[in-house]
Amino acid sequence: MLSLSQAASVQASRIREIALLAERFPGTLRLFYGEDTRPTPEPIIEAGRSALAEHKTFYAPNAGYAELREAISARYRQLSGVEIDSADRVVVTASGSVALLLTIQSTIDPGDEAIVISPLWPNVREMVRVRGGTPVEVPLDRDSDGRFRLDFDRLAAAVTPRTKLIALASPSNPSGWTATAEDWRTLGQLCADRDLWLLADTVYDRLVYDGSKAAPCPLASIADHSRLWVAQSFSKAYRMTGWRVGWLVTPPGLWATAAKLQEFVVSHAAGFSQDAARFALEHGEGLISEMVSDYRANRDLAVERLSRLPGVSLASPEGAFYLFPKCDGLRDTFDFCERLVREYGVGVAPGMAFGPGGEGHVRICFAVDRGTLAEALDRFERAWTSRD
């Protein structure tokens, strides 16, 4: 009898399972997905409409339109003082997810290992498995004040002769932990010393709360880019999750490999999405400032509310738009999240979805309007204080 490939055995997203359950319970407050609940800003939508009116509905280059690639290069020049050759290193992708996938396809063969820093967005782990590789999770440590930190000794000890890649997301989904410039330099040196690729997932880099315009950039912190792949997306900073457009900065000279592989995945990002994305890059600074201000207020409200609950502890996240509280005594986060939906009408993501380092936690997306967040926290508090 015919059998399915190894790829068919990857784990389904437990976040999606909670989302599917919520569809059966109308009125559920949806804090499980990683997206702002508001639509894409109207000026960006209008740029997409204009592109459609100009018939940007045909095939586009695998690597994306040259104008968008140059705008991406200009972004790094303006934000981080880094010169990136758009013609040699930038590939526009059909989402940040595809940027991650193209990197893993380019660097991992069956039997290879990829070290992933957890807790992490689960799709990265499963992309490695789809390639026939083995994801090796190295959890972030926690200081006495509950803040996450990267233990480089533990990370180095996890490297084996089969290791080909280290993947790190900063700011982190789900924890909000954000790597410093020194973290990136140390990680870059480790990869150089051990002959490894480095994948930097930076899709939340504009959503930071220390007053900076962006999180520390690996392209600025690491001098040698010959091992460095940087995945990015328009989804988070510009509320464009459904437009499916992102980009990948490859090591010098490897853009053609990534563009070629994209042909056999999705061909290219949609032309009208690319034009809307370019508009967002060129005119979206005010939007980002407004969103960061809103998110900071939401973060502070939620941290204050959750910190009052017995057995719940969390540090205020430095970036992204998630809270990742540790809930003492919570042995099965998926079961708890199912109960939240069924009995209390609030949906959050189970910590176990983000790897072994996530069990005992839940992820709460605070990119919602203030009233929805306050009501969701009320419902969460009732569920937590009434548990057996």
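Please give me, ordered by residue number, the trypsin sites (Lys or Arg not before Pro) of the range 205-259 that lie in loop per DSSP and have at most 14 other Cβ atoms within 10 Å. List each step's numbers first, then the result.
Details: sites: R206, K213, R227, K236, R239, R244; in loops: R206, K213, R227, K236, R239, R244.
Passing both the DSSP loop test and the Cβ count: K213.
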(request) Check cross-link reach from K213 to the aspartates and glutamates: straight Cα distance under 16 Å, and skip same-chain residues fewer than eight apart. (result) D205, E282, E285, E290, D294, E318
(message) Taking a ≥ b ≥ c as the square roots of the Cα gyration tensor eigenvalues, with a/c under 1.5 meaning rounded and otherwise prolate when a/b beats b/c, else oblate, which class fits the range 36-158?
(response) prolate
(message) On a straight-distance basis, which lysines could pair with K326 in a cross-link, Cα separation under 26 angstrom, same-chain partners fewer than 8 positions away excluded?
(response) K236
(message) Cut-off under 16 Å on the C-alpha distance; same-chain residues fewer than 8 positions from K260 excluded. Which aspartates and glutamates are left, in chain and number order?
(response) D88
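Within the range 1-81, report the trypsin sites (Lys or Arg not before Pro) that DSSP leaves as loop and that have at most 11 other Cβ atoms within 10 Å.
On the way: sites: R14, R16, R24, R30, R49, K56, R69, R75, R77; in loops: R24, K56.
Sites meeting the loop and neighbour criteria: R24.
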(message) Can you give me the C-alpha center-to-center distance between the range 19-79 and the range 145-180, rounded to a whole angstrom?
(response) 29 Å
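With runs of 4+ DSSP H residues as the only contributors, calculate the mean residue ellipticity of the chain at 222 nm using -39,500 (n - 2.57) per run, divided by the residue total and rounded to the nearest 500. Walk me through the numbers on the way to the answer.
Working: 14 runs with 154 residues, N = 388.
Rounded to the nearest 500, it is -12000 deg cm²/dmol.
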(message) I want the local charge near S50. Using Cβ-Cβ distances under 15 Å, sum +1 for each Lys or Arg and -1 for each Asp or Glu among the other residues.
(response) -3
(request) Give a quick list of trypsin sites (Lys or Arg not before Pro) in the range 270-318 that DSSP marks as loop, anything other than H, G, I, E or B, with at most 16 other Cβ atoms within 10 Å. (result) R308
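Sort out the exposed loop GluC sites (Glu not before Pro) in the chain (DSSP loop, at most 15 other Cβ within 10 Å) and tell me the longest stretch that has none. Show your work: numbers first, answer last.
Working: sites that count: E54, E83.
No qualifying site falls inside 84-388, the longest such stretch.
Taken together, the values in this text are just the output of simple stated rules run on the coordinates, not laboratory data. Quick caveat: nothing in here was measured; it's all calculated off a predicted structure. Methodologically, a virtual Cβ is constructed for each residue, glycine included, from the backbone with ideal geometry; neighbour enumeration extends over all protein chains shown.
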